[in-house]
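What follows is one structure encoded as structure tokens, with my remarks underneath.
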Amino acid sequence: MAKKKLDIGDLGCLNDLVIGQKAIVTNIGAPNNIFKRRLLDMGITKGAKVVIKKVSPLGDPVDILVRGYELCLRRDDLKMIGVEVVL
Amino acid sequence: MKIALIGNQNSGKSTLFNLLTDSRQKVGNWPGVTIESKRGYIKNTDFELIDLPGVYSLSPYSNEEKISRAEILKNDLDCIINIVDATSIERSLYLTTQLLDLETNVIVVLNMSDMLAKKKLTIDENILEAKLGCPVIKVSALKNIGIDKLIDAISNLKNRSKLKIFDEFLEEKINDVSKFLDGSNKRFASIKALENDFETNHEDIINKYIKEIENKYNMDVVEVFASKRYDFVEEVRDSCVVRENINETVTDKIDKVLLNKYVGIPIFILIMFLVYFLSVGLVGSATVDFVEGLVEWVSGAMGNLLTNLGASDWSNSLVVDGMIAGVGAVLTFIPQLIILFILISLLETSGYMARISFLLDKFFKRFGLSGKSLIPFIVGTGCSVPGVMATRTIEDDNERKMTILLTPFIPCSAKLPVIALFSGFFFRDYAGIVSASVYFLSVITIILTAIILRKFVYKGNSTAYITELPEFRLPSIKYTLRDVYDRVISYIKKAGSIILLSSIFIWVLSSFSFNFTYGVDVEDSMLATIGKGISWLFYPMLGELSWGASVSAIQGIVAKEQVVSSMAIIAGLTDGGSSLIFASDGIFGFFTPASAYAFIVFNLFSAPCLGTIGAMKKEYGSGKHALKAILFQTGLAWILGVLVYWIGRLIWF
């Protein structure tokens, strides 16, 4: 398993988490409004709990558990999602 | 009464639609199976039901979602049935909160409720009903549970209570804005106006409200509404759902293997290899003799019967050498197709399809495509027409246009007879491997073409990839058999219509000369004359001026399997009814492994059949664009065919 970059209580972006880590979304910095709206519609809102579940064998995209279902996003997009690590 | 079915992608709308209306719409386990709205009537009623493409919200993102939103906002609906996936209620209820902003009646259907126990979930639908202010009914569309209750609820619609889901401050602003608006669905329109998703004549006032909201919550206004909706949903969830923790689901366990860092990609390659190896190699060689014998027997018996009845030579030849030879040649491949269709159906309904997209997104991103383009490709292994239509789920316009052009490059089931015929004869024991190699050649061609197109035609990079990863589901035997049956029947129907007509046409052209005398040598027939005019075009990839192969290749535009049927008719007429297309002294005796492979390649990549061309035209929204794409495909096919022939000659002499 990849080495943890962030520990409990740290602030960072979703891209820095490894499989199994849990976090709470603190902000969504998507530059384009359409994509940001899509993230919001899919349940990535401030305060949402997310867990990193699976990573594609090629390292990208990443599958996260949010609001009881699994959502795949590319790493470039995970970088725009700010989180606070809780586990 | 008019009712719409709406819900998230992959929540089982089409399964419920099929059950309610007794129809056979396609179902599958990936987000975006339904791309067009379908209509039907609920059994034994006059309720019209519309099945809409799945959406996550009423702010549409891709093309097929726009259809759903437009249909909902047309405002001629008596009722909306909102399908909620009971196993992921939180995200599903987000859409419900938006639907409840409308003035239409809503019935919430908790689908897949049979799965709740397995997931250690319990949902109290009475509390949910009270919280949402509309009827809530637990059903399982797959297991046919709760359908009577649903029909009851539709028949006894009551006006629902108006729901306020936001805090007082927001509700007040929504109310204020609605005073400036006319027409129906004022609450919905006010929120959309505040979200800048709806134009009004009162921009100044609306902008003032937006400022106030953004200042109060310290977020942009779109984010405020989304967050507050989810806050409401969380509160509802907490009041009616009890969830026991499960550490690892079955899906997680399967994914540990299928998405494994080291074996995930090799497993994918093995699965795709097996699809072609099993259908063409293993099953093909086991059944081909039996089926060919059957066709030969029918044609012999028919010939005798007609002779005994005193039929003239030409009518005997029309039936035996034209109709039976042409249609029979196509029908001999049904065993292979059955296996191919079963395997594709399993890929589509198990949930593996969405995983292929997840596995290979990074790889295809490099070439300006994304994991989403893979779904049209896999659907295209059955038939290019639904494959081309499946491109609608791709949001990026350039990527979508590229995928429309590339999808026909995947060997579809109609190209399988061409591949199987040539590889079966020229590569015998290696037929399965050769067929699989054709598949991998098509993948390589797709990648190289994508690079060229991104560089010169559809410039720019692929946009974001955001999609749901569905859980694995055990494919239902009933649905798999039905899907395979439907596909085989449609193949047989095509053989009995388009292929039969073309066979008669080809028989006429090859039995008569230009001054309409019957019984001329085939070499002097109209078909041969036409073929000789164009055979130079195919010389560089066949190494022979063959009018027969040339006219057959061109007929691929009617239907790809017509190539095989044309060759069977021509071979039969020239060799006095021999059933062996590649008899060494016959008209196609010149084929070598190199020219055979080259011929397969040309047929694979050249202009697709008319059905697919129609779909391409529709998806491009422009006949000119489709024409350019087809010319490009055919030019590329010619170049590749020639290359394969000359490289092949180095290998096989």
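The values are calculated or read from the model by the stated rules, or taken from the named source; none is laboratory data. The structure displayed is predicted, hence computed values, not measured ones. With ideal geometry, Cβ positions are generated from the backbone for all residues, glycine too; neighbour counts draw on all protein chains shown. Side chains are part of the model used for accessible areas, which takes the heavy atoms of the whole protein and leaves out ligands, DNA and RNA. Shrake-Rupley method; radii C 1.70, N 1.55, O 1.52, S 1.80 Å.
Per-structure values
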item: Hits in the range B:541-560 - residues which are assigned to a helix (DSSP H, G or I) and either of a type in the set (A, V, I, L, M, F, W, C) or over 18 Å from B:Phe422 (Cβ atoms) (or both); result: B:Met541, B:Leu542, B:Trp547, B:Ala549, B:Val551, B:Ala553, B:Ile554, B:Ile557
item: Some residue of the range B:624-646 being of a type in the set (Phe, Trp, Tyr), buried (at least 20 other Cβ atoms within 10 Å of the Cβ) and in contact (Cβ under 8 Å) with a residue 40 or more places away in the chain; result: yes
item: Yes/no for B:Val488 being within 23 Å of the chain's Cα centre (by Cα) and surrounded by fewer than 19 Cβ atoms within 10 Å (Cβ to Cβ); result: yes
item: Candidates B:Val242, B:Val236, B:Val295, filtered to the one that is within 14 Å of chain A (Cβ to nearest Cβ) and assigned to a helix (DSSP H, G or I); result: B:Val236
item: Meets criteria (open to solvent by less than 10 Å² (accessible area, probe 1.4 Å), in contact with a Cys (Cβ under 6 Å, 6 or more places away or on another chain) and touching a residue at least 40 places away in the same chain (Cβ under 8 Å)) for B:Val106; result: yes
item: Top-ranked residue of the range B:511-540 - restricted to ones that are aromatic (Phe, Trp, Tyr) and in a helix (DSSP H, G or I), ranked as surrounded by the most Cβ atoms within 10 Å (Cβ to Cβ); result: B:Phe538
item: Among the candidates B:Thr87, B:Thr97, residue that is within 14 Å of another protein chain (Cβ to nearest Cβ), among the polar types (S, T, N, Q) and under 21 Å from B:Glu471 (Cβ atoms); result: B:Thr87
item: Condition met for B:Ser350 (modelled with pLDDT of 90 or more, out of contact with any helix residue (DSSP H, G or I) (no Cβ under 7 Å at 6 or more places or on another chain) and among the hydroxyl-bearing types (Ser, Thr, Tyr)); result: yes
item: Among residues of the range B:445-485, those that are part of a loop (DSSP other than H, G, I, E, B), of a type outside the set (A, V, I, L, M), under 21 Å from A:Asp76 (Cβ atoms) and open to solvent by less than 30 Å² (accessible area, probe 1.4 Å), counted; result: 3
item: Residue match in the range A:74-85 (condition: facing another protein chain (nearest Cβ under 9 Å) and in contact with a Cys (Cβ under 6 Å, 6 or more places away or on another chain)); result: no
item: B:Leu347 vs. criteria in contact (Cβ under 8 Å) with a residue 12 or more places away in the chain, within 14 Å of another protein chain (Cβ to nearest Cβ) and open to solvent by 10 Å² or more (accessible area, probe 1.4 Å); result: no
item: Residue count, the range B:356-381 (criterion: within 11 Å of chain A (Cβ to nearest Cβ), open to solvent by 10 Å² or more (accessible area, probe 1.4 Å) and under 18 Å from the mean Cα position of the chain (by Cα)); result: 1
item: Where B:Glu619 falls short, out of the listed (1) more than 29 Å from B:Glu523 (Cα to Cα); (2) open to solvent by 40 Å² or more (accessible area, probe 1.4 Å); (3) among the acidic types (Asp, Glu); result: (2)
item: Selected residue (criterion: farthest from B:Ala226 (Cα to Cα)) from residues of the range B:164-195 that are open to solvent by less than 30 Å² (accessible area, probe 1.4 Å) and outside any helix (DSSP H, G or I); result: B:Leu181
item: Selection status of B:Gly326, touching a Lys or Arg at 6+ places or on another chain (Cβ under 7 Å) and touching a residue at least 40 places away in the same chain (Cβ under 8 Å); result: no
item: B:Trp314 being more than 30 Å from A:Pro61 (Cα to Cα), more than 14 Å from chain A (Cβ to nearest Cβ), in a helix (DSSP H, G or I) and in contact with a strand residue (DSSP E or B) (Cβ under 9 Å, 6 or more places away or on another chain); result: yes
item: Residue within the range B:252-267 that is within 30 Å of A:Asp60 (Cα to Cα), acidic (Asp, Glu) and touching a Pro at 6+ places or on another chain (Cβ under 6 Å) present; result: no
item: Boolean, B:Asp289 is at the interface with chain A (Cβ under 10 Å from one of its Cβ atoms) and among the charged types (D, E, K, R); result: no
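Yes/no per residue for (1) open to solvent by 70 Å² or more (accessible area, probe 1.4 Å); (2) within 14 Å of chain A (Cβ to nearest Cβ); (3) without any contact (Cβ under 8 Å) to a residue 60 or more places away in the chain:
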residue: B:Leu259; (1), (2), (3): no, yes, no
residue: B:Ile269; (1), (2), (3): yes, yes, yes
residue: B:Val275; (1), (2), (3): no, no, no
residue: B:Gly300; (1), (2), (3): no, no, yes
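For every residue, the table says whether it meets (1) assigned by TED's automatic domain parsing to the domain that holds B:Tyr439; (2) farther than 20 Å from B:Leu537 by Cα; (3) in contact with a Gly (Cβ under 8 Å, 6 or more places away or on another chain).
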site: B:Ala559; (1), (2), (3): yes, yes, yes
site: B:Ala568; (1), (2), (3): yes, yes, yes
site: B:Ala571; (1), (2), (3): yes, yes, yes
site: B:Thr574; (1), (2), (3): yes, yes, yes
site: B:Ile587; (1), (2), (3): yes, no, yes
site: B:Phe591; (1), (2), (3): yes, no, no
site: B:Ala594; (1), (2), (3): yes, no, yes
site: B:Phe602; (1), (2), (3): yes, no, yes
site: B:Ala607; (1), (2), (3): yes, no, yes
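Here's the yes/no breakdown for (1) facing another protein chain (nearest Cβ under 9 Å); (2) part of a helix (DSSP H, G or I); (3) in contact with an Asp or Glu (Cβ under 6 Å, 6 or more places away or on another chain):
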residue	(1), (2), (3)
A:Asn15	no, yes, no
A:Val18	no, no, no
A:Ile24	no, no, yes
A:Pro31	no, no, no
A:Lys36	yes, yes, no
A:Leu39	yes, yes, no
A:Thr45	yes, no, no
A:Val51	no, no, no
A:Gly59	yes, no, no
